[in-house]
Amino acid sequence: MAGYRSGSSSAASGGGGSAAAAFATRMLLLLTLLPLALAAFAFALQWRGGMRDPAGAAWPADTQRFPGMENSPRGSSSSFSHGAGGSYFAVSSSSSSSAAADCAEILGRSASASAQGISLYRGWSFDSESSITPKICITGSTAAGLHQILPWLYYHKVIGVSHFILFVEGEAAKPAVTSVLESIRGVKIIYRTKELKEKQDKSRIWNETWLGSFFYKPCNYELFVKQSLNMEMAIVMARDAGMDWIIHLDTDELIHPAGAREYSLRRLLLDVPDNVDMVIFPNYESSIERDDIKDPFTEVSMFKKNYDHLPKDTYFGLYKEATRGNPNYFLTYGNGKSAARVQEHLRPNGAHRWHNYMKTPNEIKLEEAAILHYTYTKFSDLTSRRDRCGCKPTKEDVKRCFILEFDRLAFIIASTATEEEMRNWYREHVVWNDKDTNLKLLRKGVLTRIYAPMAIIRGLKESGVFTSAVTSAKAHSNMSLENKGPIQTNGTANLSISESGHDKLQATVRKILEMVDVQEEAMPPMSPPGFVELTESALS
């Protein structure tokens, strides 16, 4: 019995082991086949287009990444890379040709290029037709060359600016430059002629007190007055051209429309409430990491945030590290720039703000969008400021010439130091070459990386937009632009309103000024607040 029970027990045990092994085999087979089956099913659905791309689902169907991208293939993929030629636009080899054509279509063509039928720009435009709203105009005074103006201009076309009123002199006024600029749709060039000066010498601004403290001083003060006079004239031109918004911008500044539903200035301003007269863009300042920058717009990606976009404890807690021994938090100005609705009685309030003769403008300050100011980005900026200003390099005399303290120091260094001393000073005060400090300030949010303008301008360059603008202007050097609307006429014939209208406007302004005891002074370029300023403000 014992032997039977033992044998029976052994057989039972052997049978149980076989069953368990068989079950384990089946489960293993099932676990192997199930993922394969699910993967095959998913592949079949994707192949048939039955699965939605979750990334694409996050974007509304009518969203445009940039103005003019409606015809862009939504399935084309791109990524940032530092590939050959320094391009930030890299696509897979299978889609490179379509992506290149797509980029060209987005970036547009000039009217003259269209007339030539350049295949690179087929079907593309910069949306300067009358149906576009809101219509945005940028005005500025520049002496820069094409290498700076063209990237600046076309970048702003990409983000939604349709018209440009440029007051040119120096390099910018040379025929080789103006012939190209005048061939671009939406660009109006005004030369610094004797006629222009005579008209501006009669401006109502000279009879007003808000700009009086800047009169009859050299260098930056003189430029500030000149910009204000140009802005006054640009208001009339923008109004006659049917513009909705006007912005004064230098050619070393780019608008960064962060916070909009698309990377679009037009979208940003379209969302501004109707009762708002002025929108303030705080400025970010370029923080270069090398002393051999050649093309700031495509080489600089690090910026120092404005005080208005930082928590106070962060700003003051890291103030010393952020200033790096310089007089202020920013090297130059820190009070931003503004966009104004084109409306009756609008006037400039210095180069950074607008105002109104009949009311105090209702203004808002943007929480994300900014002006990117590329200041002192090239070592040659030191000597260029020195060469265009005739002041003596003394602490007393530079105060007559420059509004901001860093400009004064830079002028003295450039006027008195050797080349090697200037280079060392530049590295110490301008170049951000301490990687540990940079990383700390990036993590704390004082510094930030912004790549969108760099990517757009590199894409414009690689698509041949700048080259085409130059070559097509040469091919059509004798083409008249008088048929392109009120903002396209050459010279200064249509710069101002009629004499009778101008006289009436001046009379109205004088009556208004007689009723005002004290006028608010024009807002000059100002540095961000420091410890002393905020302490005094808190105690007052």
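The values are calculated or read from the model by the stated rules, or taken from the named source; none is laboratory data. What you are looking at is a predicted structure, and each value in this text was computed from that prediction instead of being measured. Neighbour counts run over all protein chains shown; Cβ positions are idealised from the backbone, glycine included. These accessible areas exclude ligands, DNA and RNA; they are computed on the full protein's heavy atoms, side chains included. Shrake-Rupley method; radii C 1.70, N 1.55, O 1.52, S 1.80 Å.
Got a number for residues in the stretch 396-405 being open to solvent by 20 Å² or more (accessible area, probe 1.4 Å) and part of a loop (DSSP other than H, G, I, E, B)? Steps first, please.
The initial filter retains those residues of the stretch 396-405 that are open to solvent by 20 Å² or more (accessible area, probe 1.4 Å), namely 396-397, 399-400, 403, 405.
Those still in the list that are part of a loop (DSSP other than H, G, I, E, B) too: 396-397, 403.
Of the residues in the stretch 396-405, 3 are open to solvent by 20 Å² or more (accessible area, probe 1.4 Å) and part of a loop (DSSP other than H, G, I, E, B).
What residue, of 284, 263, is assigned to a strand (DSSP E or B) and open to solvent by 10 Å² or more (accessible area, probe 1.4 Å)?
Details: 263 fails: assigned to a strand (DSSP E or B).
Sole residue among the options that is assigned to a strand (DSSP E or B) and open to solvent by 10 Å² or more (accessible area, probe 1.4 Å): 284.
Applying the selection to the stretch 179-207, what residues are more than 30 Å from residue 151 (Cα to Cα) and open to solvent by less than 10 Å² (accessible area, probe 1.4 Å)?
Once the filter is applied, which keeps residues that are more than 30 Å from residue 151 (Cα to Cα) and open to solvent by less than 10 Å² (accessible area, probe 1.4 Å), the stretch 179-207 yields 203, 205.
Under 7 Å between Cβ atoms, at least 6 apart or on separate chains: pull out the pairs that start in the stretch 206-231 with a residue that is in contact (Cβ under 8 Å) with a residue 24 or more places away in the chain and outside any helix (DSSP H, G or I) and end on any residue that is aromatic (Phe, Trp, Tyr) and surrounded by 15 or more Cβ atoms within 10 Å (Cβ to Cβ).
219/402
Give 143, 176 a once-over and let me know the one that is open to solvent by 40 Å² or more (accessible area, probe 1.4 Å) and in contact with a Gly (Cβ under 7 Å, 6 or more places away or on another chain).
Values: 176 fails: in contact with a Gly (Cβ under 7 Å, 6 or more places away or on another chain).
Checking each option against the conditions leaves just 143.
If residue 393 passes every condition in (1) over 25 Å from residue 145 (Cα atoms); (2) exposed (fewer than 13 other Cβ atoms within 10 Å of the Cβ) but one, which one does it miss?
(2)
With respect to residue 272, determine if the residue is in a strand (DSSP E or B) and out of contact with any Pro (no Cβ under 6 Å at 6 or more places or on another chain). Please lay out each step first, then the result.
Working: in a strand (DSSP E or B): no; out of contact with any Pro (no Cβ under 6 Å at 6 or more places or on another chain): yes.
The answer is no for residue 272.
Here are some residues: 151, 175. Which one is more than 26 Å from residue 524 (Cα to Cα), without any contact (Cβ under 8 Å) to a residue 12 or more places away in the chain and not charged (D, E, K, R)? Walk me through how you get there before you give the answer.
Working: 151 fails: without any contact (Cβ under 8 Å) to a residue 12 or more places away in the chain.
Being more than 26 Å from residue 524 (Cα to Cα), without any contact (Cβ under 8 Å) to a residue 12 or more places away in the chain and not charged (D, E, K, R) holds for just one of 151, 175, which is 175.
Run down 208, 129 and say which single residue is modelled with pLDDT under 90, of a type outside the set (A, V, I, L, M, F, W, C) and within 20 Å of residue 351 (Cβ to Cβ). First the steps, then the outcome.
On the way: 129 fails: within 20 Å of residue 351 (Cβ to Cβ).
Only one candidate qualifies: 208.
Mind listing whichever residues of the stretch 406-451 are over 16 Å from residue 325 (Cβ atoms), in a loop (DSSP other than H, G, I, E, B) and open to solvent by 30 Å² or more (accessible area, probe 1.4 Å)?
418, 451
Return only the number of the condition from (1) among the polar types (S, T, N, Q); (2) open to solvent by 10 Å² or more (accessible area, probe 1.4 Å); (3) farther than 30 Å from residue 216 by Cα; (4) over 21 Å from the mean Cα position of the chain (by Cα) that residue 472 does not satisfy.
(2)
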